[in-house]
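Visitor: This structure is in structure tokens; I'll ask about it shortly.
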Amino acid sequence: MSANLVRLNRVGLRYATDRYALQSISFDLQRGEFAYITGNNGAGKTTLLKLLFAMEKASEGNILVNNKDLSSLAKGKVFQYRREVGFVFQDFKLLPDLTVYDNVSLPLEIRKMTPSEVDYRVRGVLSLVGLADRARDYPLTLSGGEQQRVAIARSIIGKPFLLLADEPTGNLDADTAREIMSLFLEINEMGTTVVIATHDKALMEEFPSRVIELNKGRVIADRRMMDV
Amino acid sequence: MSKYKGLRYSFSDFKRQPWLHIVSISTITIALVIIGGFFLCYRNFEKLAEKTSPQITGTAYLKEALTTPQIQALRERLLSLENVQRVSFKSKDNVVEELQSFLGSAGSIGLPGSELFPDIIEMEVKKETSPEKIQIIKGIVSRFPVVAEVDFSDDWLSQYKKISQIIKLVGLIIMGFVIVGCSFLIANFMGMRHQSRRNEIEIVNLIGADRNFILAPYIWEGIIEGISGATVALGILLFIKLFLASLISGHWSTFLGGYTWSYLSVTQVMAVYVIGVTMALLGGVTVFLRFQEDTF
């Protein structure tokens, strides 16, 4: 098995208006790596994550994730790919009518797992994110940090090999953001490759790792934060 | 989504958006009352027609001085014709007697003698015989050498058949319009619900839900709405039937010969349920197909 989990080769995304959102992006990510995608607003961070999550299709180049070519991924197979990759959204995207437990268990329900297995895994993951005692609560009764923990729990419950997070601390205060980042590191230490899109330099300095910097849809730097 | 989970989600949506569901069910109910009303009218029209329609009969006026073997041979030939189920010979004396008995005391004064009347053979044909077939029988019998003239009182039959066909045609057209119109309305109501759940669908899609998982609640909702709408519609139709029955027994019983108003047959009740569920499912699936391009 290749050490590269993700390989982007001259990837570009051009809209119908001929404007490029991303242009000639090339980089590799190793298994178990922790990386930041950074850049100013409009640099293409979210678009890049969307490409990695098969929410968009590259118009140029190719993307290999776990030896799977996303450019040739059939529309009807996207849902299977998404079961293997976790995504944490800035706005959490929790279902307000479901409890914390039901939100977290949803990816397993989709996979038609047995109730006992679902229960075992949900309880384990809720303990990991520190929300074991809030299982029966509804998302709107939780703080922003707690909601983000629920979103993270949901994204990792399917044991993804790749976890993508789009500005996961964008709506959180500094202390809560730090807690969430610690959680991502903990998940990474358990073997999951983590890619976080953020423009929070302070956090990147506090939790240094590889940084891929974008500007106007191009990679302008690829370095380790500690080198800066 | 497992089917029970899908059902649970559907019920939770009924709790979340009761008014949208009530409007959808009401639309189905109205449509089914119109369609069921047509079924009710048609069934009773058929039964009434069957009850009030006299036997279809024809009369063959015979030439003079036929012998008994000739009459017997004619009877046998007539009975061998398709759709003729009974024949009876009436001599001119019998004819005069019947006429006198029909006219009562008025007949005994000025009625001419039996010499003016011919012997006749009356033929009864099956009720389902079409006007065209009666014309064929008429043609055949009139060509018999011993028959002077044939008369079938079949005008009412062709009128009845025409009306029956018109009712069927109009009913089918109304049903078509109602089903298409209501499916369109339901699709719009479901569209409103879908819009409100679009965020939810997007989320489950992003965490790896397949089409069946997303479609399952809509299927359940369609089934629940269709069955609910049909049940309410059947209740309303039962009320209408009881009202009409009491109206008939009170005012028109003499006119309709003591006819008892019937409710829908088992097949028609099943048809109302099937149409109700189909309309609801059509609405749901149409909306789903409309949005699936954006979702997947």
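Visitor: Taking region A:200-228 only, how many residues are assigned to a loop (DSSP other than H, G, I, E, B) and out of contact with any Gly (no Cβ under 7 Å at 6 or more places or on another chain)?
Guide: 6
Every residue, every condition in (1) in contact with a Gly (Cβ under 7 Å, 6 or more places away or on another chain); (2) farther than 30 Å from B:Ala49 by Cα; (3) at pLDDT below 80, yes or no:
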{"position": "B:Leu169", "(1), (2), (3)": "no, no, no"}
{"position": "B:Ile173", "(1), (2), (3)": "no, no, no"}
{"position": "B:Ile186", "(1), (2), (3)": "yes, yes, yes"}
{"position": "B:Arg193", "(1), (2), (3)": "no, yes, yes"}
{"position": "B:Arg198", "(1), (2), (3)": "no, yes, yes"}
{"position": "B:Leu206", "(1), (2), (3)": "no, yes, no"}
{"position": "B:Tyr218", "(1), (2), (3)": "yes, yes, yes"}
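Visitor: Here are A:Met181, A:Met190, A:Met113: which of them is of a type outside the set (Val, Ile, Thr) and closer than 23 Å to B:Ile201 by Cα?
Guide: Within the list A:Met181, A:Met190, A:Met113, the selection yields A:Met113.
Visitor: Could you check, for region B:28-51, whether at least one of its residues is of a type outside the set (Asp, Glu) and touching an Asp or Glu at 6+ places or on another chain (Cβ under 7 Å)?
Guide: Yes - at least one qualifying residue is present in region B:28-51.
Visitor: Within region B:63-76, identify whether any single residue is under 17 Å from B:Pro131 (Cα atoms), surrounded by 14 or more Cβ atoms within 10 Å (Cβ to Cβ) and outside the structural domain of B:Tyr259 (by TED's automatic domain parsing), and answer yes or no.
Guide: No, every residue in region B:63-76 fails to be under 17 Å from B:Pro131 (Cα atoms), surrounded by 14 or more Cβ atoms within 10 Å (Cβ to Cβ) and outside the structural domain of B:Tyr259 (by TED's automatic domain parsing).
Visitor: Sticking with this structure for a sec: Does any residue of region A:171-179 turn out to be in a loop (DSSP other than H, G, I, E, B), farther than 28 Å from A:Phe79 by Cβ, in contact (Cβ under 8 Å) with a residue 24 or more places away in the chain and open to solvent by less than 50 Å² (accessible area, probe 1.4 Å)?
Guide: yes
Visitor: Considering only region B:241-250, I want to know if a residue exists there that is at pLDDT below 85, out of contact with any helix residue (DSSP H, G or I) (no Cβ under 8 Å at 6 or more places or on another chain), aromatic (Phe, Trp, Tyr) and more than 24 Å from A:Ser105 (Cβ to Cβ).
Guide: No, region B:241-250 has no match at all.
Visitor: Give me a count of the residues in region B:203-232 that are acidic (Asp, Glu) and out of contact with any Ser or Thr (no Cβ under 7 Å at 6 or more places or on another chain).
Guide: 1
Residue-by-condition table, conditions (1) within 18 Å of the chain's Cα centre (by Cα); (2) closer than 19 Å to A:Phe184 by Cα; (3) open to solvent by 10 Å² or more (accessible area, probe 1.4 Å):
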position: A:Ser72; (1), (2), (3): no, no, yes
position: A:Asp91; (1), (2), (3): yes, yes, yes
position: A:Asp97; (1), (2), (3): no, no, yes
position: A:Arg123; (1), (2), (3): no, yes, yes
position: A:Leu142; (1), (2), (3): no, no, yes
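Visitor: Quick check: anything in region A:168-187 over 26 Å from A:Phe27 (Cα atoms), under 15 Å from the mean Cα position of the chain (by Cα) and of a type in the set (Lys, Arg)?
Guide: No, because not a single residue in region A:168-187 is over 26 Å from A:Phe27 (Cα atoms), under 15 Å from the mean Cα position of the chain (by Cα) and of a type in the set (Lys, Arg).
Visitor: Every residue in region B:11-51 that is of a type in the set (Ser, Thr, Tyr) and touching a residue at least 40 places away in the same chain (Cβ under 8 Å), please.
Guide: B:Ser24, B:Ser26, B:Thr27, B:Thr29, B:Tyr42
Visitor: Applying the selection to region B:192-211, what residues are facing another protein chain (nearest Cβ under 10 Å), assigned to a helix (DSSP H, G or I) and not aliphatic (A, V, I, L, M)?
Guide: B:Asn199, B:Glu200, B:Glu202, B:Asn205, B:Arg211 - these are the residues of region B:192-211 that are facing another protein chain (nearest Cβ under 10 Å), assigned to a helix (DSSP H, G or I) and not aliphatic (A, V, I, L, M).
Visitor: May I ask you to verify whether A:Phe161 is in contact (Cβ under 8 Å) with a residue 60 or more places away in the chain and open to solvent by 20 Å² or more (accessible area, probe 1.4 Å)?
Guide: For A:Phe161, the condition - in contact (Cβ under 8 Å) with a residue 60 or more places away in the chain and open to solvent by 20 Å² or more (accessible area, probe 1.4 Å) - is met.
Visitor: When residues of region A:188-199 are filtered for being assigned to a helix (DSSP H, G or I) and either in contact with a Ser or Thr (Cβ under 7 Å, 6 or more places away or on another chain) or in contact (Cβ under 8 Å) with a residue 40 or more places away in the chain (or both), how many remain?
Guide: The total comes to 1.
Visitor: Only one of (1) at pLDDT below 80; (2) hydroxyl-bearing (Ser, Thr, Tyr); (3) not assigned by TED's automatic domain parsing to the domain that holds B:Lys47 fails for B:Ser91. Which number is that?
Guide: So B:Ser91 meets the others, but not (1).
Visitor: Considering each of B:Leu74, B:Leu66, B:Leu81 in turn, give the residue that is part of a loop (DSSP other than H, G, I, E, B), among the hydrophobic types (A, V, I, L, M, F, W, C) and under 42 Å from the mean Cα position of the chain (by Cα).
Guide: The conditions single out B:Leu81.
Visitor: Follow-up. For the list (1) modelled with pLDDT of 95 or more; (2) farther than 25 Å from A:Met204 by Cα, I need the number of the one condition that A:Ser59 fails.
Guide: Looking at each condition in turn, A:Ser59 falls short on (1).
Visitor: Output the number of the condition that A:Val78 fails; it satisfies all remaining conditions of (1) within 25 Å of A:Ala151 (Cβ to Cβ); (2) touching a strand residue (DSSP E or B) at 6+ places or on another chain (Cβ under 7 Å).
Guide: If we test A:Val78 against (1) within 25 Å of A:Ala151 (Cβ to Cβ); (2) touching a strand residue (DSSP E or B) at 6+ places or on another chain (Cβ under 7 Å), just (2) comes out false.
Visitor: Filter region A:188-209 for residues that are out of contact with any helix residue (DSSP H, G or I) (no Cβ under 6 Å at 6 or more places or on another chain) and open to solvent by 30 Å² or more (accessible area, probe 1.4 Å) and give the result.
Guide: A:Glu189, A:Met190, A:Gly191, A:His199, A:Asp200, A:Lys201, A:Ala202, A:Glu205, A:Glu206, listed by residue number.
The values are calculated or read from the model by the stated rules, or taken from the named source; none is laboratory data. Predicted model, so just to flag it, every value in this text is computed and none were measured. Cβ coordinates were reconstructed from backbone atoms using ideal geometry, including for glycine residues, and neighbour counts include every protein chain displayed. Side chains included, ligands, DNA and RNA excluded: accessible areas come from the protein's heavy atoms. Shrake-Rupley method; radii C 1.70, N 1.55, O 1.52, S 1.80 Å.
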